[in-house]
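First the structure, in the form of structure tokens, and then the observations on it.
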Amino acid sequence: MTHALDVSRRTFLKSSAVAAGGFTLGFSVPFGEAAAQGVLPPEVNAWVVVKPDDTVIVRIARSEMGQGTLTGLAQLVAEELEADWSKVTWEYPTPGQNVARNRVWKNFSTGGSRGIRESHQYVREGGAAARMMLVQAAANEWGVPAADCKAARSTITHTASGRSTTYGKVAAAAAKLEPPKEVKLKDAKDWAIAGKPLKRLDTVDKLSGKQVYGADLKLPGMLNAAIKDCPVFGGKVASFDAAKIEKMPGVRKVVKVGESALAVVADTWWQAKTALDALPIVWDEGPHAKVSSETIAAMLKEGLDAEQAYIGNKAGDAKAAIASAAKKVEATYSYPYQNHACMEPMNATALWTAEKCEVWCPTQNGEAAFAATVEASGHPAPKCEVYKLHLGGGFGRRGMTDYVRQAVAIAKQMPGTPVKLLWSREEDMLHGRYHPITMAKMTGALDAQGNLVGLHMRISGQSILASVNPQALQQGRDPVTFQGLNPSGPEASFGYTIPNLLIDHAMRNPHVPAGFWRGVNLNHNAIYVECFMDELAQAAGVDPLEFRRRLMKSHPKHLAVLEAAAKGIGWGTPAPSGIHRGLCQTMGFGSYVAAGAEVSVDAKGAIKIHRIVAATNPGHVVNPDQVAAQVEGSFVYGLSAMLYQECTVKNGRIVEENFDTYPPLRMDEMPKVESILMPSGDFWGGGGEPTIAVAAPAVLNAIFAATGKRVRSLPLKNADLRRA
Amino acid sequence: MAKLTVNGKTIDVDAAPDTPLLWAIREQIGLTGTKYGCGVGQCGSCTVHIDGEAVRSCSITVGSLKADQKIVTIEGLSPTHSHPIQKAWLELEVPQCGYCQSGMIMAAAALLAKKPKPTDADIDEAMTNICRCGTYNRVRAGIKLAANA
Ligand code: FES
Ligand code: FES
């Protein structure tokens with residue numbers, strides 16, 4: 001299969017291949033031109049390259065940031081390809097190639113736990129098509145019908161004659177064949193590579209320091225940049241005195257980046273940072289310089305009872321049911337701003353010349369990084385390229401392109417010199433795209449028998465879409481706000497049937513930029529719903545599991561994971577002395593999740609989380625060990641958020657600047673996690689995020705069981721759990 | 001100009017004396033396995049061994065070190081990457097993104113050198129590194145596997 005590239009593109013790719021070829025880096029050299037010249041092994045199709053020594057290279061369009069998606073996708077391709085797994089390796093196609101080849105690899109975006117669930121079909125088809133072409137090539141060589149040949153472990157055998165050959169030997173011939181019009185995929189029950197807990201393809205280099213992350217990139221002649229953006233969002237640079245630092249060691253240039261940021265370019269990053277810290281800067285703090293956490297809280301509080309609100313889910317007449325309830329239960333919850341705090345701070349390296357612009361960066365969305373590069377560089381797409389590097393964590397933050405634009409803007413002021421921009425941790429903390437801040441007023445109506453007959457959930461607070469992608473709002477309404485609360489559907493539906501229900505959102509958008517933070521809106525929605533369910537059960541005098549069961553008869557998949565978690569944690573059986581239990585469930589990112597927690601709280605109010613049992617139905621499991629790793633990691637992420645993490649606002653800026661004031665959970669606090677995977681096989685859900693949402697409510701419900709105290713405002717560090 | 005002994009080699013390092021060891025290792029010596037995570041001694045991504053002790057290299061300056069102090073980075077932990085901790089990490093698939101893992105491995109290796117059979121409490125005390133991906137339970141299991149290897 002050959003791929004026509006336009007001439008200018010070919011020339012560019014060739015030159016950048018030569019340029020990049022001189023560096024020993026973890027990314028692949030652009031392959032279109034080289035493959036066409038026979039320098040690179042034949043591309044059977046866009047997804048599969050086979051070398052003469054039978055090495056199979058699977059092309060991975062999505063980004064690997066620790067979640068294991070690259071191994072999972074390779075497993076899916078290899079399964080259909082009938083490849084010898086021991087010879088499977090991988091490479092990233094570049095975003096520029098994807099554009100030049102009419103998006104042959106489709107979507108590069110890696111967020112919303114979509115890496116596998118959104119692409120499993122076409123990557124498997126890619127593997128299957130490549131297998132058919134390889135078999136056809138062998139059959140042609142032998143002059144026999146392809147139907148009489150079989151492929152297994154990268155070997156093709158003609159059944160009747162026993163003749164055999166390997167993929168590597170026929171790949172060049174296969175690459176010249178027309179791709180099949182129709183492919184048939186295997187039934188998951190016949191999988192031998194997919195569905196198995198195979199080792200990741202990217203572990204070894206992470207054990208020896210060899211793995212190159214964006215922050216580690218070295219290019220010949222490269223300089224380093226440190227940056228400070230106005231700490232008050234919406235502010236600008238008023239003035240600065242470059243002369244004061246220009247003579248400091250290593251300093252090459254002080255540059256303005258847009259209207260709001262300044263960068264120092266120096267020989268080393270440490271020199272750049274040291275000089276930047278010494279640079280006198282006067283900020284024009286703009287219109288938000290007086291905003292504080294208190295003013296934001298007041299803004300959200302007003303929304304709790306406001307007239308106007310966008311409706312997310314509605315049945316019957318919730319307000320009437322509440323007005324005539326035998327018992328009314330009411331509670332207000334709140335959830336703070338949080339920073340992703342990826343272990344590797346934001347960074348990107350750019351090389352700008354009058355002819356072209358190249359960017360090397362860790363990104364969750366190669367295509368968005370490419371578009372940002374095109375826009376910021378002033379060059380047309382065929383003269384731009386982005387090379388993706390391994391991410392030291394993403395969690396949604398690296399789907400944004402602010403740091404890419406900055407790197408290009410700096411490089412543009414240093415033509416011909418590659419510049420690596422690395423944010424300090426402080427910059428990373430002050431310029432996040434924060435977990436949105438919200439509050440919720442929950443009002444429930446119980447009848448005389450203790451049944452829940454009405455629920456009004458009023459969310460007040462920030463919309464992510466309004467901040468990130470306002471064009472996606474639907475007449476002002478942010479549909480993503482209702483994650484886990486939707487009436488029905490395969491993505492994130494509400495697991496309870498309540499005859500009178502109103503879930504609505506009073507959108508209140510403070511100036512702090514919101515973003516997709518691993519788990520997204522499901523995180524707070526699950527806390528609000530699942531903690532309040534416990535409050536309602538208590539008010540009704542019914543066991544929390546039994547109370548939920550009554551509402552879940554029409555939601556068997558939600559209920560199944562809840563029952564599994566309940567059984568796993570020992571719900572209904574006596575707990576060890578001093579230990580208390582909590583339960584919860586939700587649905588998001590296409591998967592059903594539930595958790596049970598065992599917690600103790602001592603007289604001084606110190607909590608210990610002893611054990612978590614998590615049940616997950618993601619439909620299909622491509623690598624059970626990696627899904628288990630995501631479940632374990634999700635509890636670290638979710639419990640860190642619940643216990644400690646909040647970004648507070650003072651004078652328009654974020655207060656917490658490093659891990660001393662924004663601590664994650666550490667090893668000594670980490671509970672045991674038992675993960676029950678129960679894929680039902682009839683859909684494809686995500687694995688990287690949904691579990692985060694069940695971490696906090698399970699523990700908060702257990703804390704109530706232990707202390708009789710409801711913690712409704714997060715993080716928990718602000719609550720006093722001492723016994724009265 | 002400072003003299004440092006890193007992974008068995010004595011190297012002249014052209015860095016100002018107040019440069020943190022982390023940045024001298026990464027930028028002057030060119031070993032990027034040692035990571036920057038916080039710069040303030042909180043996260044442990046920058047952990048190296050100095051005379052066998054796990055040290056957060058962001059929080060110690062080049063000027064405070066002597067040429068005869070033996071600094072070992074992740075690249076020098078084992079010439080064939082076959083330290084029992086590295087083997088256990090591979091066996092149990094400990095890393096996710098891997099960014100914190102150089103520091104985790106160096107902290108764990110220093111622990112094992114002192115306490116070949118660490119208890120859970122020993123592990124809790126020695127392993128205070130941050131992992132945002134959340135690999136803590138596998139780190140613990142990996143240390144135990146290596147201890148029993
Ligand atoms: S970078 Fe040294 S402890 Fe975080
Ligand atoms: S593996 Fe990603 S931070 Fe630890």
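Throughout, read-outs are computed from the coordinates displayed, never taken from laboratory work. What you see is a predicted model, and the numbers here were worked out from it, not measured in a lab. Cβ coordinates were reconstructed from backbone atoms using ideal geometry, including for glycine residues, and neighbour counts include every protein chain displayed.
Output the strands (runs of 3 or more DSSP E) that fall wholly within the range A:235-300 and possess 2 or more residues being more than 31 Å from the chain's Cα centre (by Cα) and not β-branched (Val, Ile, Thr), or say none. Even if it seems obvious, please write down each step before you answer.
Details: elements: A:236-240, A:251-257, A:261-266, A:281-284.
Once the strands (runs of 3 or more DSSP E) in the range A:235-300 are filtered for at least 2 residues that are more than 31 Å from the chain's Cα centre (by Cα) and not β-branched (Val, Ile, Thr), what remains is A:236-240, A:251-257, A:281-284.
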In the range A:206-223, what residues are facing another protein chain (nearest Cβ under 8 Å) and touching a residue at least 40 places away in the same chain (Cβ under 8 Å)?
A:GLN211, A:VAL212, A:TYR213, A:ALA215, A:LYS218
When the residues of the range A:284-320 are narrowed to those that are on the phi < 0 side of the Ramachandran plot and in contact with a Pro (Cβ under 7 Å, 6 or more places away or on another chain), which ends up surrounded by the fewest Cβ atoms within 10 Å (Cβ to Cβ)?
A:ALA315
Report yes if some residue within the range A:385-402 is over 18 Å from the mean Cα position of the chain (by Cα), outside any strand (DSSP E or B) and away from ligand 1 (no atom under 16 Å from the Cβ); otherwise report no.
no
Could you list, in sequence order, all residues of the range A:305-329 that are assigned to a strand (DSSP E or B) and closer than 23 Å to A:GLN462 by Cβ?
A:TYR310, A:ILE311, A:GLY312, A:ASN313, A:LYS314
Can you tell me which residue in the range A:634-661 is farthest from ligand 2 (Cβ to nearest atom), limited to those that are free of Cβ contacts under 8 Å to residues at least 40 places away in the same chain and surrounded by fewer than 22 Cβ atoms within 10 Å (Cβ to Cβ)?
A:VAL655
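For residues that are on the phi > 0 side of the Ramachandran plot and exposed (fewer than 15 other Cβ atoms within 10 Å of the Cβ), tally how many sit in the range A:154-192.
Within the range A:154-192, the first condition is being on the phi > 0 side of the Ramachandran plot, and the residues that meet it are A:154, A:162.
Those still in the list that are exposed (fewer than 15 other Cβ atoms within 10 Å of the Cβ) too: A:162.
Matching residues across the range A:154-192 total 1.
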Please state which one of B:ILE60, B:ILE85, B:ILE25, B:ILE71 is buried (at least 21 other Cβ atoms within 10 Å of the Cβ) and over 21 Å from B:LEU112 (Cα atoms).
B:ILE25
For the range A:199-235 the number of residues that are within 15 Å of ligand 2 (Cβ to nearest atom), aliphatic (A, V, I, L, M) and farther than 24 Å from A:ALA272 by Cβ is 2
Would you pick out the residues in the range B:74-103 that are more than 20 Å from B:ALA147 (Cβ to Cβ), facing another protein chain (nearest Cβ under 7 Å) and not small (Gly, Ala, Ser)?
B:GLU75, B:GLN96, B:CYS97, B:TYR99, B:CYS100
Six or more apart or on different chains, Cβ atoms under 6 Å: show the pairs whose first residue is in the range A:535-562 and of a type in the set (Val, Ile, Thr) and whose second is assigned to a loop (DSSP other than H, G, I, E, B) and surrounded by fewer than 21 Cβ atoms within 10 Å (Cβ to Cβ).
A:VAL542/A:GLY450
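Filtering the range A:320-352 down to residues that are touching a strand residue (DSSP E or B) at 6+ places or on another chain (Cβ under 9 Å) and within 16 Å of ligand 2 (Cβ to nearest atom), which residue is farthest from the other protein chains (Cβ to nearest Cβ)? Lay out the reasoning, then the answer.
First, pick out the residues of the range A:320-352 that are touching a strand residue (DSSP E or B) at 6+ places or on another chain (Cβ under 9 Å): A:320-340, A:344-352.
Cutting the leftovers down to within 16 Å of ligand 2 (Cβ to nearest atom) gives us A:339-340, A:344-347.
Details: A:ASN339: 11, A:HIS340: 8, A:GLU344: 5, A:PRO345: 7, A:MET346: 12, A:ASN347: 10 Å.
Filtering the range A:320-352 for residues that are touching a strand residue (DSSP E or B) at 6+ places or on another chain (Cβ under 9 Å) and within 16 Å of ligand 2 (Cβ to nearest atom), the one farthest from the other protein chains (Cβ to nearest Cβ) comes out as A:MET346.
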Would you be able to say whether some residue in the range A:599-622 is charged (D, E, K, R) and buried (at least 22 other Cβ atoms within 10 Å of the Cβ)?
no
Tell me whether the range B:118-125 contains one or more residues that are more than 9 Å from chain A (Cβ to nearest Cβ) and farther than 26 Å from A:ASP660 by Cβ.
yes
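Need at least 1 residues that are basic (Lys, Arg) per element, so show me which strands (runs of 3 or more DSSP E) inside the range A:537-629 make the cut, counting only ones lying wholly within it.
Values: elements: A:580-588, A:591-601, A:607-617.
Ranges flagged: A:580-588, A:607-617.
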